[in-house]
1. How long are the semi-axes of the equivalent ellipsoid of the stretch 1-78, taking √(5λ) for every eigenvalue λ of the Cα gyration tensor, in whole Å from largest down?
2. Please identify every one of the GluC sites (Glu not before Pro) in the stretch 111-189 that sits in a loop by DSSP and has no more than 13 other beta carbons within 10 Å of its own beta carbon.
3. Taking the C-alpha atoms of the stretch 1-138, how large are the radius of gyration and the largest Cα-Cα span, Dmax, in Å?
4. Run the Debye formula on the Cα coordinates of the stretch 136-197, all scatterers equal and no solvent, and tell me log10 I(q)/I(0) at q = 0.14, 0.16, 0.21, 0.24 1/Å.
5. Counting other C-beta atoms within 10 Å, and keeping those with at most 13, which DSSP coil chymotrypsin sites (Phe, Trp or Tyr not before Pro) do you find in the stretch 146-229?
6. Using modelled backbone amide H atoms (1.01 Å from N, in-plane), which distant-in-sequence or interchain residues come within less than 5 Å of Leu195's amide H?
7. Given the rule -39500 (n - 2.57) for each run of at least 4 DSSP H residues, summed and divided by the residues of the chain, what is its mean residue ellipticity at 222 nm, to the nearest 500 deg cm²/dmol?
8. Given 0.36 nm per residue, what is the gain on full extension from Phe12 to Val182 after removing their alpha carbon distance, in nm?
Amino acid sequence: ERVRTEQIRKDFVGNVSHELRTPLTVISGFVENMQADNDSLPVQWRKPLDLISEQAGRMRHIVEDLLLLARLESASVEAPRDPVDPVDMLESIARDGRSLATEQQQIEVSIETDAWLLGDGGLLRSAVTNLMVNAIHHTPDGGRILLALQETPEGPRIRVQDTGEGIAAEHIPRLTERFYRVDAGRSRERGGTGLGLAIVKHALQKHGAKLEIESRIGEGSSFSCVFPRERRIPGPQ
Ligand code: ADP
């Protein structure tokens with residue numbers, strides 16, 4: 001009964017998200033057309049149209065994230081085992097990060113093993129990118145973000161570490177719940193959906209990997225993706 005109810009919940013969320021897609025696309029499309037002709041718009045409509053466009057964009061983002069989450073949950077199949085070069089992946093994620101970060105935020109990569117991973121390259125990339133974008137958002141200027149590839153007794157891990165604001169202990173176990181945010185107002189303001197870490201967790205689960213979070217208020221946070229050894233291969237020499 002519990003499994004059945006859970007399935008109904010998942011289907012419902014998936015269907016609602018899917019159904020919302022078309023109306024949102026129509027709303028955004030028309031607003032965009034109206035904005036394109038800005039000069040002929042009555043002045044008092046400009047601000048409301050900007051807001052409609054911004055909020056419709058946020059809704060689209062939430063719907064896209066919910067659909068991705070529904071897809072990750074429904075396919076119980078494991079992630080494929082394509083060879084993924086983590087050095088390539090981390091370097092390119094760091095490059096994207098630098099274009100998003102301010103000049104006073106340092107983003108570095110540290111490669112401490114020659115291991116490659118077996119997995120879904122696109123999914124892994126989007127998980128680590130999510131962690132890095134969060135780190136950028138929660139690290140003030142003068143801070144440092146480190147993307148590291150390391151070896152642990154359990155298997156290889158990708159660690160995203162920041163010297164930012166940190167998270168109080170009581171929030172840590174709940175961070176991967178959908179829509180859970182420490183500061184919902186701030187998250188919304190910068191376009192966060194509160195679904196990022198839920199997506200990361202599911203993307204990792206499909207690889208048999210887990211997300212480990214360590215953080216201290218004022219000292220920074222560390223989000224580690226720990227892969228099972230069977231997802232590790234030695235990199236080409
Ligand atoms: P959001 O869209 O709000 O970023 P996430 O699921 O990605 O949603 O993250 C959930 C919450 O976890 C965030 O709202 C934030 O409070 C907290 N968080 C995530 N990453 C960090 C980090 N590196 N430093 C501090 N807090 C973080």
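Every read-out reported here was derived from the displayed coordinates using simple, explicitly stated rules and does not represent laboratory data. As the structure is a computational prediction, the values presented were derived from the model and not from experiment. Methodologically, a virtual Cβ is constructed for each residue, glycine included, from the backbone with ideal geometry; neighbour enumeration extends over all protein chains shown.
1. Working through the eigenvalues yields semi-axes of 37, 11, 9 Å.
2. Details: sites: Glu112, Glu151, Glu154, Glu165, Glu170, Glu177, Glu189; in loops: Glu112, Glu154, Glu165, Glu170, Glu177.
Taking the stretch 111-189 and a limit of 13 other Cβ atoms within 10 Å, the loop GluC sites (Glu not before Pro) found are Glu112, Glu154, Glu170, Glu177.
3. Both quantities, over Cα of the stretch 1-138: 20.5, 61 Å.
4. Computed log10 I(q)/I(0) values: -0.53, -0.68, -1.03, -1.15.
5. Details: sites: Phe179, Tyr180, Phe223; in loops: Phe179, Tyr180.
Qualifying residues, ordered by number: Phe179.
6. The answer is Phe179.
7. Details: 6 runs with 115 residues, N = 237.
So the calculated ellipticity at 222 nm is -16500 deg cm²/dmol.
8. 58.5 nm is the gain from fully extending Phe12 to Val182.
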